[in-house]
Amino acid sequence: MKIAVLPGDGIGTEIVAEAIRVLDALDLQFEMETALVGGAAYEAHGHPLPEATLKLAKESDAVLFGAVGDWKYDKLDRPLRPEQAILGLRKNLGLFANFRPAICYEQLVGASSLKPELISGLDILIIRELTGDIYFGQPRGRRTAVDGHFPGAEEAFDTMRYSRPEVERIAHVAFQAARKRSKRVTSVDKANVLETFQFWKDIVTEVGKEYPDVELDHMYVDNAAMQLVKAPKKFDVVVTGNMFGDILSDEAAMLTGSIGMLPSASLNSSNQGLYEPSHGSAPDIAGQGVANPLATILSAAMMLRFSLNQPEAADRIESAVKSVLASGLRTGDIWSEGTKRVGTREMGDAVVAAITKKTITG
Ligand code: IPM
Ligand code: MG
């Protein structure tokens with residue numbers, strides 16, 4: 001099994017280092033190879049997704065990704081910005097299905113800005129389509145921007161589009177995921193205004209007929225944004241397009257207390273996947289050793305489960321994380337009165353210790 005390790009920028013290197021230590025502690029046989037991506041790759045090779053990095057990702061069973069981006073690259077022409085690396089990986093590897101679970105850990109109920117009773121026990125799964133929509137519309141690559149901006153331009157546009165096979169395959173992913181959960185899918189659209197999302201809604205409805213055991217409802221994205229903070233536990237699986245999924249998944253993440261806790265998986269049709277925390281590169285705290293590595297560590301667990309066929313190892317990581325939280329250790333983002341504040345490295349140490357202890361005691 002081969003894992004491509006792409007730490008990227010900002011806190012990416014710090015949090016991926018902890019995930020690697022956790023993987024090492026499992027004593028499984030992996031081949032891991034590290035490469036530059038994002039701003040770090042731009043500095044070294046003049047491109048955020050160098051040919052060698054893409055090649056490594058393609059020939060690996062899974063990619064463990066940190067984060068990319070820094071405000072200092074805002075002046076670069078868009079194709080050279082760090083974010084293009086993650087978009088390029090998604091597109092080139094065909095990673096169309098993005099799983100973003102939002103699970104509220106009982107110990108962290110107090111860290112959410114919502115009332116405890118609204119989020120206690122929350123376990124929802126956002127499934128975001130990842131290689132279509134306005135993110136990959138027609139004008140991409142035919143821009144006339146100067147330093148990434150449009151001085152004096154009279155208009156700018158991005159086209160929103162989906163094809164039938166694109167919507168069908170993500171709908172199947174959602175219904176199949178719902179079958180393993182509470183058998184409910186909410187498809188989020190903007191069919192009242194956008195043709196693309198009327199089309200989306202029609203196709204999801206059609207595919208839904210093949211899953212009579214799964215309950216399907218539809219919700220406009222503005223209402224979904226509202227319902228997510230009003231009564232989040234009413235949702236189970238939420239399936240939506242690339243743009244709405246980007247926004248709603250950040251919102252859902254924050255319900256759980258911290259985006260620093262949430263992993264994600266992006267899969268293609270052969271279960272090759274890219275695994276990354278749901279959060280970004282946080283340049284404001286980079287290099288300080290204070291970032292929460294748990295989202296990345298939990299992403300490594302998803303990687304073991306979805307792409308590397310090691311579900312027991314994934315369970316071991318997840319229960320180690322739970323026991324570390326139960327022991328009261330917290331990074332700054334999830335700290336609250338009465339818990340112990342630790343840094344990135346100490347949090348990684350604690351998860352490694354919990355895993356090794358479990359191995360010894362069976
Ligand atoms: C995400 C991020 C990316 C996106 C950026 C970094 C391109 O926000 O993974 O949610 O918009 O998809
Ligand atoms: Mg996002």
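The values are calculated or read from the model by the stated rules, or taken from the named source; none is laboratory data. Predicted, not measured: the structure shown is a model, and the values here were computed from it. Please note: Cβ atoms are built from the backbone with ideal geometry, for glycine as well, and neighbour counts cover all protein chains shown. The accessibility values were calculated without ligands, DNA or RNA, using every heavy atom of the protein model including side chains. Shrake-Rupley method; radii C 1.70, N 1.55, O 1.52, S 1.80 Å.
The magnitude of the dipole of the chain, with charges of +1 and -1 set on the Cβ of Lys/Arg and Asp/Glu and taken from the Cα centre, is near 540 debye. Around the Cα centre of region 33-159, unit charges on the Cβ atoms of Lys, Arg, Asp and Glu (plus for the first two, minus for the last two) sum to a dipole of about 200 debye.
Which shape class applies to region 1-121: rounded if a/c is under 1.5, otherwise prolate when a/b exceeds b/c and oblate if not, where a ≥ b ≥ c are the square roots of the Cα gyration tensor eigenvalues? Can you show the working numbers first?
Working: a/c = 2.05, a/b = 1.39, b/c = 1.48.
Verdict is oblate for region 1-121.
In summary, the lysines within cross-link reach of residue 55, defined as a Cα separation below 22 angstrom excluding same-chain residues under 8 places away, comprise 2, 91.
Under the shape rule built on the C-alpha gyration tensor, where the axes satisfy a ≥ b ≥ c, region 166-252 is oblate, since a/c reaches at least 1.5 while a/b does not exceed b/c. Of the peptides 108-115, 83-90, the ranking by mean beta-carbon count within 10 Å, highest at the top, reads 83-90, 108-115. The HN-Hα couplings worked out from phi for region 270-280 by the Karplus form 6.51 cos²θ - 1.76 cosθ + 1.60 (θ = phi - 60°) are 10, 6, 6, x, 10, 10, 8, x, 6, 8, x Hz, whole numbers, x standing for Gly and Pro.
Phi-derived couplings, Karplus 6.51 cos²θ - 1.76 cosθ + 1.60 at θ = phi - 60°, listed residue by residue for region 328-345: x, 6, 9, 7, x, 5, 10, 5, 8, 2, x, 10, 9, 7, 10, x, 4, 5 Hz, with x used for Gly and Pro.
Lysine pairs, Cα distance under 23 Å, 8 or more residues apart or cross-chain: how many in region 123-255? Lysine pairs meeting both conditions in region 123-255 amount to 18.
Per residue, the convex hull spanned by the alpha carbons of the chain comes to 143 Å³. With all protein chains in place and a 1.4 Å probe, the accessible surface of the chain carries 52 percent carbon and sulfur.
Comparing 53, 4, 355 along the charge dipole axis of the chain, the residue lying farthest to the positive side is 355, per the Cβ-charge model.
The shape of region 211-321 comes out oblate: with a ≥ b ≥ c from the C-alpha gyration tensor, a/c is at least 1.5 while a/b does not beat b/c.
Remind me, relative contact order of the chain in percent, using alpha carbon pairs under 8 angstrom and six or more residues apart?
In percent, rounded to a whole number, it is 22.
Amide H contacts for residue 218 (H built 1.01 Å from N in the peptide plane; partners 5 or more residues away or on another chain; cut-off under 5 Å): 187. Using Cβ point charges alone (K and R +1, D and E -1), the dipole size of region 123-255 about the Cα centre works out to roughly 440 debye. Ranked by solvent-accessible area (1.4 Å probe, protein heavy atoms only, all chains present), the residues 335, 71 order from largest to smallest as 71, 335.
When 58, 201, 75 are compared by accessible area of protein heavy atoms, the largest-first order is 75, 58, 201, using a 1.4 Å probe. In this structure residue 150 has an accessible area near 80 Å², from a 1.4 Å probe over the protein heavy atoms. Taking amide H as placed 1.01 Å from N in the peptide plane, the amide H of residue 126 sits under 5 Å from that of 100, 102, 238, each at least 5 places away or on another chain. For residue 58, go through the aspartates and glutamates and keep the ones whose alpha-carbon is under 15 Å away, minus same-chain ones fewer than eight residues off. Candidates past the 8-residue exclusion: 31, 33. Take region 10-85 with all the other protein chains still there, run a 1.4 Å probe, and you get 46 Å² of accessible area per residue.
Using a 1.4 angstrom probe with every protein chain in place, what is the largest-first accessible-area order of 336, 258?
Details: 336 45, 258 5 Å².
Largest to smallest exposure gives the sequence 336, 258.
The spacing between region 91-115 and region 68-86, judged by their C-alpha centroids, is 24 Å. Residue 33 contributes about 80 Å² of solvent-accessible surface, heavy atoms of the protein only, 1.4 Å probe. With the charge dipole of the chain set up from +1 on Lys and Arg Cβ and -1 on Asp and Glu Cβ about the Cα centre, the Cα lying farthest toward the positive end among the listed residues 177, 40, 298 is that of 177.
Express in whole angstrom the spacing between the alpha-carbon centres of region 189-237 and region 13-53. Value for the Cα centre distance between the two parts: 36 Å. The HN-Hα couplings worked out from phi for region 85-92 by the Karplus form 6.51 cos²θ - 1.76 cosθ + 1.60 (θ = phi - 60°) are 5, 6, 5, x, 5, 4, 5, 5 Hz, whole numbers, x standing for Gly and Pro. Surface analysis of region 123-255 yields an accessible area of 49 Å² per residue, using protein heavy atoms and a 1.4 Å probe.
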